[in-house]
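Peer 1: Structure incoming, see below.
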Amino acid sequence: MSQPHISVSALPRSLTSLETWGFGFSGLLLWLGTAPAMHAALGPQAIWVWVPGTIVGILLNLQVKRLGTHFPDVAGGTPNYTTRLLQRFPVVARYGAIGYLLGWVSVPPMNAIILTDLIKANLEPLGIACPSLVLRIGFTLLPFIVAFSGTRTLGILHTFFVFPAIGFLVTFCLQGIGWLSVAPTSPGLLPETWSGITAIDWMKWFFIAVYAVYGCETASSFVADSRQPTATLRCLSVTAGFIPIVYFVGSWVVMRLATGPGLEDSAYLNLTAAAQPFWGSLAPALVTFLITSGCLLSSATAVSNCPRILYQLAKDDYLPLVFTAVSRRGVLVPSLLFTLLLSLLCLVWGDVAHVVMVTGTGYLTSMMAIHWGLWVCRKRPETRWPWLSLGFFGIEAVVLVVGGLAWGWLDLLLGLLLPLAVGLAGLWLPHLHFAPLQLTWWQQRERQPLRTPKADWIALQVTILILLVCGAVSIGWLVRAGLERHGMGSHMALFSILLMTVAFVGVAIACWTSLPQIAAITEAREAVEHALNDLQRTQTQLVQAEKMSSLGQLVAGVAHEINNPVNFIYGNLTHVREYSQDLLQLIQLYEHHYPNPVPEIQAEADAVDLDFLQTDLIKTLDSMKIGTDRIRQIVLSLRNFSRLDEAECKAVDLHEGIDSTLLILQHRLKARSDRPEIQLIKDYDALPLVECYPGPLNQVLMNLLANAIDALEESNANRTYQEIAAKPNQITVRTTRLVALKAEWVEIAIADNGRGMPETVQQNVFNPFFTTKPAGKGTGMGLSISHQIITEKHGGKLKCTSTPGVGTEFVIQMPLQQGAVNT
């Protein structure tokens, strides 16, 4: 899909690692909805579904972590990593990513229905009518209302409850297995008899298990806007360690303890029956807290995850650019609205079983897509266990067909067609002549100055708060009166629901009353700080630019002055060589015809060593030619580097610029008394001419190469000559032609084998005024200016990857043509 050249805003890195970990852990809570239903249908045989599901879930988490390490700037996580793997198959890539999206889009409405039914079951004994429709709509909208105020708000609220919920869930699993192992009244850890499971039943229920056990990799969705991407990815390893505890051990506890009659497929009844032996009277309240938190927290994760998937799909040209619109607070408003629309459609449908089947079909196809993509890219470094991925793909394909047909052919057909329909609907949006469906409309809206709150608006906020507080007190009084009539202890479960719900509602209220004012003050303060930083950076850059301009003029002037006499010498050397050869040939003729010269001539010939002179003269002239050649190359390199006549964008040979820069730095690469020569390894791809700004780009290359040499010299500080010779210093310069989603790009990688940088340094390396060099040896502006030249002037990317003790690599990526859409 070809789209106009419009700048796409990057997601602000605003989330802390703890908040991203909270979103990552919520996948474990999906077990609460699937395990009881599977146990009710299969009994002890359900464990045969969870065992392979647990294994694949662990491997998937570790694989996604590897992908996230290679794609740290990709939002949306797993489905958008899939599009990277399946670049050669864009239709399949889009289909798989939208299938994953649909799996999460259905989570808020389905959880709203589950919570409403749970509240209804607790209110009926009190004789209180349950407003089911209002609660279903309210629970569906609740996480969206919070999300519209910013992901951080939702992330903080999410983190506050997710860790207690995970703590209770893990306690349920471990305490339950411990009670089964040692309690006198335990039915025993192992069942008396084992029974197998039919292939049809296994595939039918593995179809559903994928929906939960594969969903523990959601932390990857937030890597692109995490302040510490590496720490966020570490969550995937930790979550992988919890998967067997929750999905295998927890299922084992339910299998052995939830055996009473009348439990059916109720999550509440099955989990309460399983927890009753070791949690006693607290079991109903704690189980209700787990179910409520699982519903609300997984809905919050879905509301945060889905817009990021749409954002990255649009950024990668799979969907319209309107989905890349980002507000000042980092809210993906169009993507969030589209997610809300899809969620409301699921709610209108209302049939939990059919919605789960249809959207679960899309989710399973997305898992097939990533496993197929891993096999297709099996030789790439970001791929682990490609043969296992191929096997998983085959198993999932059979499960899709056989398991899907076992649930119903109509749901399977709808599930296969829905990603296509949603994808076509998304692509069709730009053709509607409606301003909010265009990215430029949202960008212009964000450029408008912040509005100051009016007095009437503040009065309205106070009025709303008073009404809400009074309403909350009244409802609390009525609920307490009802509980006292029926006994407080028997309705602690209702308290758990109210606790979670009131927390979310309270934050939602704050998001639309007091938080906007606080956010406006914060935004104003950040805007002033940003303006001051920009001013300071601009001043320094102007000084640096003036220095570079003066240096460029000096270099160009010196090069020009040297060039004229050198060209004079170089041009006449050819004639001198010809004349010398003619004279030498004449002398040889004299010697041939007059072999016995007079004594005076013979004495003079012996004095000047005529034989040596005839041999060495031509060699001397050839050496002079080589020397003048070298001077001309240096002059040409100086002219190419200064590029005073090439300040505009033009197509150039990148290799020429790199070689010119290396020639200027040649004196720093040569051997010295304290170290051998720095080895230079060139790995050049066949590149066409690249549109760029040659002068600024050469400045970037000079900065990166000079920093690489500095890093090697720092690493040599405590090493002897012999130690350096045994492990010589190396600088590798690699160029590669990339085929991106929208246009062709080029990549320049400059790597050294120095001591490397710790993560804390890597995170700040492009910040203005940040330097690790001693005072007087660096301003801290070189890499900052280089980053600005590449990203702002060339629409490219400048990345740094470093491993302590191994070395550092800087990678420049930029489009072949400056008119290409930024990716």
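Read-outs throughout are calculated quantities, based only on the coordinates presented, and are distinct from any laboratory measurement. Here the structure is a predicted model, which means the values were calculated and not measured. Positions of Cβ are backbone-derived with ideal geometry, glycine not excepted, and every protein chain shown enters the neighbour counts.
Peer 1: For each of Tyr95, Tyr247, count neighbouring Cβ atoms within 10 Å of the residue's Cβ, then give the residues from fewest to most.
Peer 2: Tyr95, Tyr247
Peer 1: Grab the other residues whose beta carbon is less than 11 angstrom from that of Asn753, score K and R as +1, D and E as -1, and report the net.
Peer 2: Neighbour charge sum, excluding Asn753 itself: 0.
Peer 1: Also: Within 10 Å, count the other beta carbons around each residue, average over each peptide in 394-401, 239-246, 28-35, and list them highest first.
Peer 2: 28-35, 239-246, 394-401
Peer 1: Moving on to the next point. Have a look at segment 121-186 and give its Rg and Dmax from the Cα atoms, expressed in angstrom.
Peer 2: 18.8, 53
Peer 1: Let me ask something else about it. Once both labels are modelled 7 Å past Cα along the beta-carbon direction, what's the Arg380-Glu192 spacing in nm?
Peer 2: Taking the simple label geometry, Arg380 and Glu192 are separated by 5.6 nm.
Peer 1: Report, to one decimal in Å, the Kirkwood hydrodynamic radius for segment 41-107 based on all distinct Cα pairs.
Peer 2: 13.8
Peer 1: Provide Thr620, Thr140 in ascending order of the number of other Cβ atoms located within 10 Å of each residue's Cβ, fewest first.
Peer 2: Ascending number of Cβ neighbours within 10 Å: Thr620, Thr140.
Peer 1: How large are Rg and Dmax for segment 369-415 when only the alpha carbon atoms are used, in Å?
Peer 2: Every Cα atom of segment 369-415 included, Rg and Dmax give 13.5, 41 Å.
Peer 1: Another question, if that's okay. Among 379-387, 406-414, how do they line up from the highest to the lowest mean number of other beta-carbon atoms within 10 Å?
Peer 2: So the order, starting with the most tightly packed, is 406-414, 379-387.
Peer 1: Gain in length, Val182 to Arg672, computed as 0.36 nm per residue apart minus the alpha-carbon separation, to one decimal in nm?
Peer 2: 169.1 nm
Peer 1: Rounded, prolate or oblate: which one fits segment 327-385, using the alpha carbon gyration tensor with axes a ≥ b ≥ c (rounded when a/c is under 1.5, else prolate when a/b beats b/c, else oblate)?
Peer 2: Oblate is the answer for segment 327-385, as a/c is 1.5 or above yet b/c matches or exceeds a/b.
Peer 1: Using Cβ contacts closer than 10 Å as the measure, can you line up Asp659, Asp685, Asp316 from fewest to most?
Peer 2: Going from sparsest to densest Cβ surroundings: Asp685, Asp659, Asp316.
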